[in-house]
1. I'm checking my understanding of the structure. Among residues of region 419-460 that are β-branched (Val, Ile, Thr) and over 16 Å from Asp128 (Cβ atoms), which one is least open to solvent (accessible area, probe 1.4 Å)?
2. Count, please, the residues in region 338-357 that happen to be under 40 Å from the mean Cα position of the chain (by Cα) and within 16 Å of ligand 1 (Cβ to nearest atom).
3. So which of Lys211, Lys220 ends up being more than 23 Å from Asp310 (Cβ to Cβ), open to solvent by 70 Å² or more (accessible area, probe 1.4 Å) and charged (D, E, K, R)?
4. When both residues are 6+ apart or on different chains and their Cβ atoms are under 8 Å apart, which pairs have a first residue that lies in region 265-284 and is touching a residue at least 12 places away in the same chain (Cβ under 8 Å) and away from ligand 1 (no atom under 16 Å from the Cβ), and a second that is among the aromatic types (Phe, Trp, Tyr) and not in a strand (DSSP E or B)?
5. Check Gly233 against each of (1) over 29 Å from the mean Cα position of the chain (by Cα); (2) surrounded by fewer than 18 Cβ atoms within 10 Å (Cβ to Cβ) and name the one condition it does not meet.
6. Looking at (1) loosely packed, with under 13 Cβ neighbours inside 10 Å; (2) without any contact (Cβ under 8 Å) to a residue 40 or more places away in the chain; (3) on the phi < 0 side of the Ramachandran plot, which one does Gly352 not meet, given that it meets all the others?
7. Please work out if Asn266 is open to solvent by 40 Å² or more (accessible area, probe 1.4 Å), in contact with a strand residue (DSSP E or B) (Cβ under 9 Å, 6 or more places away or on another chain) and more than 21 Å from Arg383 (Cβ to Cβ).
8. Only one of these is under 29 Å from Gln131 (Cα atoms) and either β-branched (Val, Ile, Thr) or free of Cβ contacts under 8 Å to residues at least 24 places away in the same chain (or both): Leu20, Leu101, Leu111, Leu72. Name it.
Amino acid sequence: MLGDQETIAAISTAKGIGALSIVRISGSQTPEILKKSFVSGATTTVWESHRAHYGFWCDPQSKNKLDEVLMLYFSPGKGFTGEEAAEIICHGGIEVTSQVLSAVLSAGARLARPGEFTYRAVMNNKMDLAQAESVLEIIQARTPQAAALALKNIQGALSEKLSAFEKEIIFLLANLEASIDFTTEDIQPVKYSEMMKRLIPVIENVENLLKTYLPSRVTKFGLRTVLAGKPNGGKSSLLNALLGASRSIVDENPGTTRDTIEAEANLAGQFFCFVDTAGLRSATTKVEGHGVVRAYDEIKSADIIVYVVDGAQGLSNQDVEEIKKLEINRTLICFNKSDLNSNAIGALSLFGLENYNAIVSSAIAAQGIESLVNALLKLAQERSFGGEVDGAISTQRQKEGLEKTLLSLNEAKTSLAKDLSPDLISFSLREALSAIENTLGKNVSEDVMDRVFKEFCIGK
Ligand SMILES: Nc1nc2c(ncn2[C@@H]2O[C@H](COP(=O)(O)OP(=O)(O)OP(=O)(O)O)[C@@H](O)[C@H]2O)c(=O)[nH]1
Ligand SMILES: [Mg+2]
């Protein structure tokens with residue numbers, strides 16, 4: 001779908017009223033468009049690259065002035081896309097910005113598709129696909145950590161790591177294939193033990209990079225934290241207490257919440273996405289049944305589960321059954337309604353559940369909410385990067401690419417260990433090479449490119 005030679009244009013700033021907007025142009029028609037629409041006091045129409053030029057943006061036909069602007073010009077190879085390009089900084093506001101864009105389009109550009117500027121940057125080798133994905137991430141970043149991570153990757157931190165793997169695999173392949181090609185001549189066949197020595201650290205490094213996926217997601221999206229438990233324990237009340245706002249309906253009748261209710265919150269700098277769910281029980285209506293199915297789905301995919309026990313009722317057999325299904329390291333048991341009974345937590349050890357993290361709270365009396373937040377922050381910390389990160393993967397595509405690489409590298413390792421034929425090892429290494437190159441964006445199908453760029457907005 002992408003990939004033509006036309007000159008493209010789009011508004012690159014967010015739609016709405018603002019002091020300034022930017023209309024971006026990229027392609028070989030840029031000088032023609034400038035000639036037709038940009039009027040400045042300068043006698044020249046040959047613009048210096050990377051400079052702001054003051055003037056007016058005009059209708060290309062009537063020459064009516066539309067706005068007073070600054071025009072940034074980029075000569076071929078110098079701008080973001082690698083093509084000849086210009087950025088028109090005009091006044092913000094919906095009307096004047098769209099007039100400037102319309103004038104650019106009628107002067108010869110066509111409207112850019114979502115992500116097309118970044119796509120062209122990739123096509124012109126200004127960045128690889130992993131860097132392009134980070135462009136999207138820096139735009140979407142909602143925390144300082146997420147922005148910092150994305151910036152590092154734009155600057156090539158991840159790409160460097162991927163390229164280092166690529167280089168090592170190529171080295172191994174070259175050595176191996178030389179020995180396959182020339183075994184009849186007087187060439188030393190490659191020593192498998194030497195290859196193994198070189199392969200093992202690559203495998204370890206790929207594994208370590210794969211481990212960055214989860215903390216990256218946490219940095220990017222926060223922790224998906226599900227409030228689950230039997231009906232009426234106070235899940236919705238706790239959600240509201242955590243948010244400091246009445247987001248979810250609370251009622252004395254069990255079975256109040258049906259649909260999942262999502263709400264984001266930044267607690268002490270950590271980003272959470274809370275999900276309130278229907279109480280777990282044999283549903284009394286079809287609609288409630290749908291809600292219970294959703295609740296179990298959420299429990300399955302959550303980063304953290306806050307299992308809410310109705311402290312007034314105490315720990316029931318059903319609670320014990322449900323809790324036993326949950327992994328200890330992603331579960332926090334919350335004994336709510338401590339204003340009615342603060343001792344319910346003691347029952348955990350009777351059922352062998354004493355190793356679970358547990359706290360006591362009262363959503364109504366606003367007690368224990370701080371303990372709940374602190375316990376959540378501790379769980380969040382365990383899922384986050386310990387300190388500075390240098391190059392981390394953060395998209396599903398990158399993760400899949402590395403998993404494929406790892407699989408093939410491990411196959412090569414097994415074959416080496418079993419002293420199997422060099423052809424077999426070479427095959428696995430070639431698979432690994434192709435997977436790592438795909439991750440960097442080399443030789444990827446149009447389908448994959450489409451998948452990456454469809455997430456972008458127009459103008460990026
Ligand atoms: N005494 C007391 N009552 C509470 C507390 N938290 C919630 N409640 C009450 O318990 C009832 C149920 O609260 P909800 O927050 O709706 O409970 P829920 O777990 O979301 O219930 P479902 O949506 O039906 O599954 C309401 O009447 C609340 O006011 C608490 O800490 N102490
Ligand atoms: Mg509820």
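1. So the residue we want is Ile425.
2. Of the residues in region 338-357, 2 are under 40 Å from the mean Cα position of the chain (by Cα) and within 16 Å of ligand 1 (Cβ to nearest atom).
3. Sole residue among the options that is more than 23 Å from Asp310 (Cβ to Cβ), open to solvent by 70 Å² or more (accessible area, probe 1.4 Å) and charged (D, E, K, R): Lys211.
4. Phe271/Phe221; Cys273/Phe221
5. That leaves (2) as the condition not met.
6. Only one criterion is unmet by Gly352, namely (3).
7. For Asn266, the condition - open to solvent by 40 Å² or more (accessible area, probe 1.4 Å), in contact with a strand residue (DSSP E or B) (Cβ under 9 Å, 6 or more places away or on another chain) and more than 21 Å from Arg383 (Cβ to Cβ) - is not met.
8. Leu72
The values are calculated or read from the model by the stated rules, or taken from the named source; none is laboratory data. Remember, predicted model here, so these are calculated numbers, not experimental data. Please note: Cβ atoms are built from the backbone with ideal geometry, for glycine as well, and neighbour counts cover all protein chains shown. Surface accessibility is based on the protein's heavy atoms, side chains included, excluding ligands, DNA and RNA. Shrake-Rupley method; radii C 1.70, N 1.55, O 1.52, S 1.80 Å.
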